[in-house]
Amino acid sequence: MGDAAMPLFPEAIEAYVSPEGTVIQMPLQETERIYGFGLQFMRTNHRGRTRHLRVNSDPKEDTGETHAPLPFWVTSEGYAILIDSARPLTVYAGSAVRVDSKRPPAAKNRVDDADWMATPLSDTLEVLIPYEQGATVYLFAGSASGERSESSLLDAVRRYILFSGGGVLPPRWGLGFWHRVSIHANAEETLREARQFRERNIPCDVIGLEPGWHSHAYPVSYEWSEERFPDPEAFVRSMAEEGFRINLWEHPYVSPEAPIYEELLPYAGTHSVWCGIAPDYTLPEAAAILERQHAQRHVNIGVSGYKIDEVDGSELTGNSWMFPAQARFPSGLDGGRMRQIYGLLMQNITERAFKKKNVRTLGLVRATNAGGASKPYVLYSDLYGHREYVRALCNSGFSGLLWTPELREADTAEEFIRRLQTTCCSPLAMLNGWASGTAPWSFPEYESIVRSTIELRMRLMPYLYSAFAAYREEGIPPFRAMALEMGRPCEKQPTDQDLGQFDSSSAPYGLYGEDFSIDDQYMMGESILVAPLFAGETSRDVYLPPGDWFEFHTGVRHRGGQFIAYAAGLDEIPLFVKDGGIIPLMPVRPSAPRPGEKVPLEVRCYGSKQCVFRLYDDDGETTAHEAGHCRWIDLHADGTSVMHAELSQRADDRAFTYGEMKWTYMQSNG
């Protein structure tokens, strides 16, 4: 990305060590917005809030605790900060006013002033890193000039993602549709349920097994149940013949019934979880034991990935099942720090098992931390609010994370379809029927809508695969909030009702830094804007950034730089393509193309703006792309009828995926 100017004057950053730990201070501009802090469900702009960056399996309050509490943030001034610490730290994001402030807020009268706030906005951001006598802080610039520009916000995030090793490029099948079967399903039942996808012509690539596949769960054995899966290798082979990959649920707490229990016992922490040991996987010896077992018993027979559960826990909830903060591990780490990184450690171990076999994987994980962008895992949660899920999807890009708003169950067919539409426009499209038994055909009268929604996901695979390639090589988040698209804060105009009046009964501590960020729509890839609808809605307001935008399905044009009211039937999720957008689509298939299998493309061109789309291609499964065995194809359109494709990078002459291209020009004035 080239060199960049220092985005802050070094003398403006202060730090000192106190008995409580290390404190870092930096100035905030009057209108500066603060984004990031990992996977956040409750708000997008954190200015004026205190963020407790502690891992939490049940983050229902707006405290900053979450599944992925990254000590990383980016501001609207076009720079980003990373604190290199596994401690659960606290960030006062303009919520602690210093007496020596250069721009102190005005004192308000709580009795008479409607805009009185319990937390007046400070001109300083402060970080407390407890117990640490010093810390490493990374500062990421935005634009090369050091001046704020439209790209500086995104560029600061890109530098962090590239610093983390670049974003992950999943196997092509990982971008297909996923389905998880019941916790009690056996081999025969799983195969029978999977075959229904083929019989009903519904695309599906991955079938997930829940705890019942284990011989012992909670704690886990990592071994197959002889009763439910008497011949694991034959089962995995049978599923592969039908075109299905297998993903296995697990967690880190090893059962005394596990064959590797005694081997791991010397590396265990002082406290058990569900009467299973919690090994110290910062130690290479312990990590090697688990990696070897996974390779021999899972990867070598064709298992394609894992769902890593229960790596978060919570210290503050009454049901605190995780090992406590005072736990100690052989490496010297305490329980508080181990909880912060346990998800990352499990990702590292399992990823290595696949890499040594020269295959890519994609899985699910319930907790991660800084630097996890390059790991082949997508975050998920046991929470279940649709709007919060969409807000988390918007927020994920600020920290270089991947997040799936998975579908589990729904009270009505309408809610089921609206949730399905969102998950099919996310990094990982999954229906999780582990407890409810929900399947795509659970609402028979709407099965055709369900099928067409999943088919759209399948058709978009070339477009999404190219977006993930840009994530890996250029650090561009494949799913991102409108603020990253526009390079500046993107907010709704608050109404008088939003702002309200001071009422000591309904708001005894005043207005608490309300967030009016646009957090219910987002960008998917380079050119598609996604504006989900929620149960009970038949229309919504959509903000279109400046420029022309076109409806994905019809090509109807809308002028940008404004909110538009958009109505959509139950069979449609509103999708808009920016002027000059090029969208490569492949035909609907039961599952993703295999290496060397040729598929034709429909290349849609929207609008009148000249544009180039970089279509990425490789074998889709192995790690050969890391050695350069891949290619980029530049798709050119000049806004009329002149369209062509050309290779911009050729690695070799081996067979790749895309064959004949049909070009379609999409534009209508409605």
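Observations on the model:
- Verdict on Tyr543 being of a type in the set (Ser, Thr, Tyr), at pLDDT 95 or above and farther than 17 Å from Thr423 by Cβ: yes
- Against the conditions (1) crowded, with 16+ Cβ neighbours inside 10 Å; (2) farther than 30 Å from Tyr380 by Cβ, Ser76 satisfies every one except (2).
- The listed residue being closer than 21 Å to Val365 by Cβ, modelled with pLDDT of 95 or more, assigned by TED's automatic domain parsing to the domain that holds Leu402 and not acidic (Asp, Glu), out of Trp178, Trp224: Trp178
- The selection criterion, being over 30 Å from Arg292 (Cα atoms) and touching a Leu at 6+ places or on another chain (Cβ under 6 Å), does not hold for Thr412.
- For the stretch 618-642, the set of residues classified as touching a Pro at 6+ places or on another chain (Cβ under 8 Å) and either in a strand (DSSP E or B) or touching a residue at least 40 places away in the same chain (Cβ under 8 Å) (or both) consists of Gly620, Glu621, Thr622, Leu635, listed by residue number.
- Test result for Ser238, without any contact (Cβ under 8 Å) to a residue 40 or more places away in the chain and more than 28 Å from the chain's Cα centre (by Cα): no
- Taking the conditions (1) part of a loop (DSSP other than H, G, I, E, B); (2) modelled with pLDDT of 95 or more; (3) in contact with an Asp or Glu (Cβ under 8 Å, 6 or more places away or on another chain) in turn, Gly596 satisfies each one other than (2).
- Helices (runs of 4 or more DSSP H) contained in the stretch 359-475 and holding at least 2 residues among the aromatic types (Phe, Trp, Tyr) and crowded, with 22+ Cβ neighbours inside 10 Å: 461-474
- Exclusive hit being free of Cβ contacts under 8 Å to residues at least 60 places away in the same chain and buried (at least 24 other Cβ atoms within 10 Å of the Cβ), set His184, His214: His214
- Condition check for Leu153: in a helix (DSSP H, G or I) and either touching a residue at least 60 places away in the same chain (Cβ under 8 Å) or buried (at least 19 other Cβ atoms within 10 Å of the Cβ) (or both): yes
- Qualifying residue in the stretch 254-267 (condition: over 23 Å from Ser436 (Cα atoms), among the polar types (S, T, N, Q) and either touching an Asp or Glu at 6+ places or on another chain (Cβ under 8 Å) or assigned to a helix (DSSP H, G or I) (or both)): no
- Checking Glu189 against (1) touching a residue at least 60 places away in the same chain (Cβ under 8 Å); (2) part of a helix (DSSP H, G or I); (3) over 18 Å from Ile34 (Cα atoms), the condition it does not meet: (1)
- When the stretch 52-82 is filtered for residues that are touching a residue at least 60 places away in the same chain (Cβ under 8 Å), touching a Pro at 6+ places or on another chain (Cβ under 6 Å) and not in a loop (DSSP other than H, G, I, E, B), the ones remaining, listed by number, are Val55, Tyr79.
- Some residue of the stretch 315-327 being within 30 Å of Arg480 (Cα to Cα), touching a helix residue (DSSP H, G or I) at 6+ places or on another chain (Cβ under 9 Å) and either at pLDDT below 95 or buried (at least 23 other Cβ atoms within 10 Å of the Cβ) (or both): no
- Subset of the stretch 109-135 [part of a loop (DSSP other than H, G, I, E, B), touching a residue at least 24 places away in the same chain (Cβ under 8 Å) and either farther than 25 Å from Glu14 by Cβ or not assigned by TED's automatic domain parsing to the domain that holds Arg51 (or both)]: Arg110, Asp113, Ala114, Asp115, Trp116, Ala118
- Scanning the stretch 409-426 for residues that are within 21 Å of the chain's Cα centre (by Cα) and at pLDDT below 95 turns up at least one hit.
- Filtered residue count, the stretch 223-262, keeping only those that are among the hydroxyl-bearing types (Ser, Thr, Tyr) and in contact with a Leu (Cβ under 8 Å, 6 or more places away or on another chain): 1
- Scanning the stretch 630-639 for residues that are surrounded by fewer than 20 Cβ atoms within 10 Å (Cβ to Cβ) and either touching a Cys at 6+ places or on another chain (Cβ under 9 Å) or modelled with pLDDT under 90 (or both) gives His636, Asp638, Gly639.
The values are calculated or read from the model by the stated rules, or taken from the named source; none is laboratory data. Not measured: the values here are computed from a predicted model. Every residue, glycine among them, receives a Cβ derived from its backbone with ideal geometry; neighbour counts consider all protein chains shown.
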